[in-house]
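Before any comments, here is the structure.
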Amino acid sequence: MEFLVRTENLLPADTPDETREQLRKGERERAQQLREAGILKRLWRVPGRNATVGLYEAEDPAALHDALTSLPMWKWMDVTVEALATHPQERK
């Protein structure tokens, strides 16, 4: 299944810079692992916001949930997920 995942980082503004950098580094590493596993397909930044839009592929919603909750920033993210289905015009 494919999913469109919108995330916004809500890390508190008073988070120490060192902690913030450790979380960002961990987030990049985990995202790379998800890419290598074929789960994270594409990732876009949302200009002007601390937000992303990602295209994920997972066996089912539970597997997607496991992938998202494995992200170091998970507990500071506002997440919206839309399951995607192939449009009939896309079928060959």
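The values are calculated or read from the model by the stated rules, or taken from the named source; none is laboratory data. These numbers come from a predicted model, not from an experiment. All Cβ positions, even for glycine, are placed from backbone atoms using ideal geometry, and neighbour counts span all protein chains on display. Accessible surface areas use protein heavy atoms only, side chains included; no ligands, DNA or RNA. Shrake-Rupley method; radii C 1.70, N 1.55, O 1.52, S 1.80 Å.
Structure above, values below:
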read-out: Residue ID - modelled with the lowest pLDDT, chosen from residues in the stretch 63-92 that are open to solvent by 90 Å² or more (accessible area, probe 1.4 Å) and of a type in the set (D, E, K, R); value: K92
read-out: Residues satisfying the stated conditions in the stretch 14-62, i.e. among the small types (G, A, S), under 10 Å from the mean Cα position of the chain (by Cα) and open to solvent by 80 Å² or more (accessible area, probe 1.4 Å); value: none
read-out: Residue in the stretch 27-42 that is within 23 Å of A13 (Cβ to Cβ) and part of a loop (DSSP other than H, G, I, E, B) present; value: no
read-out: Residue match in the stretch 23-44 (condition: at pLDDT below 95 and among the small types (G, A, S)); value: no
